[in-house]
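The values are calculated or read from the model by the stated rules, or taken from the named source; none is laboratory data. Predicted model, so just to flag it, every value in this text is computed and none were measured. Because the Cβ atoms are built from the backbone with ideal geometry, glycine has one as well, and the counts that use them run over all protein chains shown. SASA here: full protein model, heavy atoms, side chains in, ligands and nucleic acids out. Shrake-Rupley method; radii C 1.70, N 1.55, O 1.52, S 1.80 Å.
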Amino acid sequence: MELTLSIPALLFPAISLTMLAYNARYLAIAALIRQLHKQFEETEDTPLKRQIDSLRKRLGIIKNMQASAIVSFLLSAISMFLIYVEFNVWANIIFGVSLVFLMVSLILSLIEVQLSTKALGIQLKNMEE
């Protein structure tokens, strides 16, 4: 298969939208952490401490999701440049690595969604008690 400029260019909107979604998740979790921290300082409740610990883990995953997406985006741009200067072998390699980083980012996103769902389940269980 011949790699043309249009193939890596197709990833630009997908990666950009993915990064926007990751940033929205980050901002939502940051706001929740601030809110829970304030509640924890007032009550020092054990379930709040567990939620804060879970959020810390999720925040780390989101950081890695964003980093992987950024590397994927950068490598796509580099592969486009390599196609432009006709270094096709390197362009193929770099583009392949870019796709791997995109997949890593999406897998991390899946893990974070699972943790988020688990955290919501714990919160609902606490409300039922």
**Item:** Residue-averaged [θ]222 nm for the chain, counting only DSSP H segments that reach four residues, each worth -39500 (n - 2.57)
**Value:** -34000 deg cm²/dmol
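Could you give the size of the charge dipole of the chain about its Cα centre, using +1 on the Cβ of each K and R and -1 on the Cβ of each D and E, expressed in debye and rounded to the nearest 20? Present the calculation step by step, with values, prior to reporting the outcome.
Working: 11 positive and 10 negative charges, 37 e Å.
Around 180 debye, computed over the chain.
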**Message:** Probe of 1.4 angstrom, ligands and nucleic acids ignored: what's the accessible area per residue over the chain, in square angstrom?
**Reply:** 67 Å²
**Request:** State the label only: which of [x] 14, 50, 33, 4; [y] 11, 27, 30, 19, 9, 3, 1, 0; [z] 13, 34, 23, 16, 10, 5, 0 corresponds to P(r) over Cα pairs in 10 Å bins from 0, in percent computed from the shown model?
**Result:** [z]
**Asked** What's the extension gain from Glu41 to Ala14 if we count 0.36 nm per residue and subtract their Cα-Cα distance?
**Response** 5.7 nm
**Asked** Under 20 Å from the 7 Å Cα→Cβ point of Ala21, by amide nitrogen: which residues of the range 78-118?
**Response** 98-118
**Item:** Computed FRET value (nearest 0.05) for Ile52 with Met103, which takes r as the C-beta separation and R₀ as 41 Å
**Value:** 0.85
**Message:** Need the full-extension length gain, Ile70 to Leu124, defined as separation in residues times 0.36 nm minus the C-alpha distance. One decimal, nm.
**Reply:** 16.0 nm
**Request:** Go through the range 12-76 and name the GluC sites (Glu not before Pro) that are in a DSSP coil and have 10 or fewer other Cβ atoms within 10 Å of their Cβ.
**Result:** Glu44
